[in-house]
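Here the structure is laid out as structure tokens; the discussion comes afterwards.
What follows is calculated from the coordinates using simple rules that are stated; it is not laboratory data. As the structure is a prediction and not an experimental result, all values here were calculated from the model. In this analysis, Cβ positions are derived from the backbone assuming ideal geometry, glycine residues included, and neighbour counts consider all displayed protein chains.
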Amino acid sequence: MEALDIISYFLLLGLLLVAVKVVTTSNVIHAAISLVFTLAITAATFLLLSAEFVALVIVLVYIGAVIVLFLFGIMITRAPLGQNAELDNDKNKSLALVVSLSIFGIFSYVMLDTFDSQIIITSGTSTELLGEILLSRFVFPFEVVSFVLLAALIGGITLARQDNALMDENQI
Amino acid sequence: MSVQPFLIAAAGLFSIGIYGILVRRNVVMVLLSIELILNAVNINFVVFNAMLGDALLQGQIFTIFIITIAAAEVGIGLAIVLMLFRNRKTANIDEFDLLKW
Amino acid sequence: MVNINSISFLAEGKATYTDGGAVAEYTWLIVVLPFLAALLITFFGKFLPLKGAEIALATIGFIFTFSSYLLYLNITEGVASEFFINVGSIGSFDLEFGWVVDGLSIMMYFVVGTVASLVFIYATNYMQGEVRYTFFFTSLTLFAGSMLVLVSSPTLLQLLIGWELVGVCSYLLIGHYWEKKENSSAAMKAFITNKIADVGLMIGIIVLALSTGTMRISEILYQSTHDYQSLKSVAYLAGVLLFIGAMGKSAQFPLHVWLPDAMAGPTPVSALMHAATMVTAGVYLLARMFPFYQGMASQALDVVLLFGVITLFAAGLIAIVQDDLKKVLAYSTVSQLGYMVAAIGSGAYTAALFHLWTHAFFKALLFLGAGSVIHAVHSNSMKEMGGLRKEMPRTYTTFILGTIALAGLPPLAGFFSKDEILASLNHGGYSAYFAIAVAGAFITAFYMTRAVVLTFFGDYRGNGHPHESDSMMTTPLIVLAGFAITAGWVNIPGIYTGFTDWVTTRKNPIVEYHPESFDYFALSSGLLAGLAGIGLAYYVYQVLGKPEDGDEKIKVEPVWNILENKYYLDDFYFKYIINPTKSTLSNIVDRFNTNILDRAVNMFGTAATFLGNIVYEKFDQGGIDKALNVSSSSTDALGARVKLLQTGKAQQYIMYFLSGVIVISLLILLVL
């Protein structure tokens, strides 16, 4: 369907542009917000691909929690808010450009060479079905991942804990 | 719709993320770039899921897992960044070269 | 290997002798055993109770027994054989060693065995407490072995070896107390004087060997008695050269100078070597080669006779002026050796050997007696002796007996032997020499009586408390005194001439005059001279007043001085021979040694060091070490470069990783 094609092209182009802004801007807040936009467009793409639940998960978890976490991190590490020219490592730039472009080239070549099919448009994914599969067939990875979350939680708390005796006034 | 634009977009996102990892000086920015990469992978999974018409929806399920793990990783990563910042008062990744020869 | 010589000329000479049988075959034992014993004493002597003396005594006892048995065989049957062991050849000359068992050698074996046994027993006590006691017995045993090698040699080569060995042992023994310079100088003097004479001996041996084509003595003697022309042309020369060798060993004038100085050695050494054995080696050589002298070199005998007579007279005169008891005996020995040599020179083979035989016994007796006196008085000088006949009766008695024997009074040994010599001189028509020999007898009696009076008569002039020596020292004296009395009775002309038979039992016959009875002219001259000497000396030294003043009464100043300075012979030698050699010759040789020889050796050393340095620097350090160092340093440098990769910056690591991924995936995509 041509309309869907055009929409998808626009979306993907926008995705790439915003992603480029993430890595090139010299303002950290702009970078974080650009990431938000990247994720949002990703969620839109997922909607297009009939993966509603995943899109929602992205919005809720990724944008809602992870980005907020990032913003917290940025604040805590006293990243200079506003334009900061020292954000990029200039020495690496050209080489990094080369590397990333070659990776892009290789990946796209491989993808184009291998995959040539069409997307099957459905009316959407049944969330019930997803839940059922998740908790029956993939229950083991599900549990493991929850443990990982638990461990990460505990680990995060432990790592970030402060000993009152060592605390400096200037620290948070 | 053809699957190829999506794949190429995912590849592009991936390489942009790579670029960001290699170039950014702030640790948090690096983590941000890592999120980009993960996101690219997510797109790939969902596209394949849609392409294959999988009855088990494995692509989507795996995407959920990836998101979960990414969240956990960001949590830990930022905790580490916090500790680093407490010790070194800086978030410049060039400063953390203690594994130098 | 060993072959019993059976050349046809056995048939000549004495008709009735045997080859000695099994005993003769084993005579090599008495030659070899002393060397083994010396080795044993060197290594084990210190641990034995008698410090090695028992091994020496056992060895010499065995030699004595064996030689006595050989003598008995010779007396009863007559023995004459020789044995050879071939050890190789040089050109056309065979190198042979072996042993002779004939009358002359048996007599020498017996003399060596007897006198050495008694001296060894004496020395066990005399040398008690002295330094290097064990080594002393090693040297004595070695000497006994060397002397036996000499007198048992059937070839000129072995004779020379024995000759030199005896010289070495003499050096060792004279210089026993080498801590004092004069003793080591005396040893050196003996050795060097002997060595000078040995040059003559060696050249003589070479001449003989080349002209006869053999080294075997019996063959040379055969050729001399059978008119071989090649030998005849060099006979006179060889005869004189051999005699020069004999002059050194037997202390003939003017090579006698070492014998008085050799008295620096211990008295048992003087008794053994310089009375009975070593000094008689020269006489033995002349006696062994007697057929040669008789047959072809009779003009050489004139030279021999001349020097013998000079020696007997000159040495006797010096003995009169000596104050050292041992020196008197030393010059007396020289004088008596002159008698023996003169006897050979006048063609009296038996007389010379007979005098050797008797002289060995009574001179050894006199020396051991002197040793006993010196041991008691702790001094050699007669000025510190006197009146010892009361304190030392046994020594006194035996010494008197020895003196009487030496002076030539019957019935003691010296009478018979000296009489034979005088008789032979008289018979040969040498009236001048006869007169000198008779005068010599007078002088002999005179100086011996002087010595006896100064030592045993009068009052004691010394500082100590002399007492008689113990039995281990006096018993040999008594035994020797017995020999001094009886040894002359084995050759009484007209009654019993056994000795003549003994010593002429040889493969090569001896041609000489054998008197049928006593030559009464010679006998009476000798007897009168002896009695006159004793009487005059006793009168001057004992009767006219104190013995020590006696010298003044007979002193004729200029003559006395010449005699005291030993005819200035030593000074002559020093001034014209030793000092020029020491200064010029030694300097030349020294410079040659330092500059040429040493420099050559040093050059080798320097070259080797230089080469070694080169090898070290270029090959070892520059090559091998450098390779090792380079490999390690290059690894180090490489590592230093490579480690720079590890910057600790994660972004760079990711960069490297991704580059690798790109490269590999390109490889896979494009190649595969």
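A few remarks follow.
- Each residue of the stretch C:493-500 is assigned a 3J(HN,Hα), and the resulting list reads x, x, 10, 8, 10, x, 4, 4 Hz, derived from the Karplus form 6.51 cos²θ - 1.76 cosθ + 1.60 (θ = phi - 60°), x at Gly and Pro.
- Shape box of the protein assembly as shown [Cα atoms, principal axes, largest first, Å]: 179, 69, 56
- Counting Cβ atoms of other protein chains within 10 Å of each Cβ in A:44-50 and taking the mean gives 5.
- Taking only the Cα atoms of the stretch C:459-591, the radius of gyration and Dmax are 24.8, 68 Å.
- The Rg/Rh ratio for the stretch C:206-303, using Cα coordinates for both the radius of gyration and the Kirkwood hydrodynamic radius, is 1.08.
- At most 12 other Cβ within 10 Å, DSSP loop - GluC sites (Glu not before Pro), the stretch C:478-563: C:Glu516
- Our summary gives chain C a relative contact order of 12 percent, counting only alpha carbon pairs under 8 angstrom and 6 or more residues apart.
- For C:Val101, residues with placed amide H under 5 Å, excluding near neighbours: C:Ser81, C:Glu82, C:Phe83
- When each of the peptides C:305-314, C:379-388 is scored by how many other beta carbons lie within 10 Å of its residues on average, the order from highest to lowest is C:305-314, C:379-388.
- Selected from A:Thr122, A:Thr42, A:Thr158 as most flexible by GNM, with chain A as the system and alpha-carbon contacts under 10 Å: A:Thr158
- P(r) tail, the stretch C:87-198: Cα-Cα pairs separated by more than 25 Å, 33% of all pairs.
- For the stretch C:570-645, the spread of Cα positions along the three principal axes, ordered from largest to smallest, is 99, 15, 11 Å.
- When the square roots of the Cα gyration tensor eigenvalues are ordered a ≥ b ≥ c, the ratio a/c for the stretch C:350-557 is 1.5 or more and a/b does not exceed b/c, which makes its shape oblate.
- For the peptide C:451-458, the mean number of other protein chain Cβ atoms found within 10 angstrom of a residue's Cβ is 0.
- Shown for C:Ile596, B:Ile93, C:Ile174: other C-beta atoms within 10 Å of each C-beta, ranked fewest to most, produce the order C:Ile596, B:Ile93, C:Ile174.
- When the P(r) of the stretch C:528-586 is calculated, the portion above 18 Å amounts to 59% of the C-alpha pairs.
- Applying D = kT/(6 pi eta Rh) to the stretch C:144-212, where Rh is the Kirkwood radius over alpha-carbon pairs, T corresponds to 4 °C and eta to 1.567 mPa s, the Stokes-Einstein value obtained is 100 µm²/s.
- Over all pairs of different C-alpha atoms in the stretch B:4-92, the reciprocal of the mean inverse distance, the Kirkwood hydrodynamic radius, equals 14.3 Å.
- Reduced Cα scattering model of the stretch C:577-620, Debye log10 I(q)/I(0), q = 0.18, 0.24 Å⁻¹: -0.61, -0.77
- Distance histogram for chain C (every C-alpha pair counted, 20 angstrom bins, percent rounded to whole numbers): 17, 46, 20, 5, 5, 5, 3, 0
- DSSP-assigned coil residues among GluC sites (Glu not before Pro) in the stretch C:143-196, each with at most 15 further Cβ atoms within 10 Å: C:Glu179
- 3J(HN,Hα) along the stretch C:464-479, derived from phi through the Karplus expression 6.51 cos²θ - 1.76 cosθ + 1.60 where θ = phi - 60°, amounts to x, 10, x, 9, 5, 6, 7, 5, 5, 9, 7, 5, x, 4, 5, 4 Hz, with x in place of Gly and Pro.
- In sequence order, calculated HN-Hα J values of the stretch A:46-62 (Karplus, 6.51, -1.76, 1.60; Hz; x Gly/Pro): 4, 4, 4, 8, 6, 10, 6, 5, 5, 4, 5, 4, 4, 4, 5, 7, 4
- Fewest-first sequence of B:Met83, C:Met247 by Cβ atoms within 10 Å of each Cβ: B:Met83, C:Met247
- Taking trypsin sites (Lys or Arg not before Pro) across the stretch C:164-251, the ones in a DSSP loop with at most 16 further Cβ atoms lying within 10 angstrom of their Cβ are C:Lys180.
- For A:Asn27, nonlocal amide neighbours, meaning residues 5 or more places apart or on other chains whose placed amide H falls under 5 Å from its own, are A:Asn84.
- The shape of the stretch C:1-228 can be summarised by an equivalent ellipsoid whose semi-axes, obtained from the alpha carbon gyration tensor, come to 33, 23, 14 Å from longest to shortest.
- For A:Phe138, residues with placed amide H under 5 Å, excluding near neighbours: none
- Most mobile listed residue (B:Gly12, B:Gly77, B:Gly53) in chain B, GNM with C-alpha springs under 10 Å: B:Gly53
- Within chain A, the proportion of Cα pairs with more than 29 Å between them is 44 percent.
- For C:Lys582, the lysines whose Cα falls under 27 Å of its own Cα, not counting residues fewer than eight places away in the same chain, are C:Lys180, C:Lys181, C:Lys189, C:Lys195, C:Lys249, C:Lys566.
- Highest mobility in the GNM of chain A, judged by mean-square fluctuation with C-alpha springs under 10 Å and restricted to A:Leu11, A:Leu56, A:Leu159, is found for A:Leu159.
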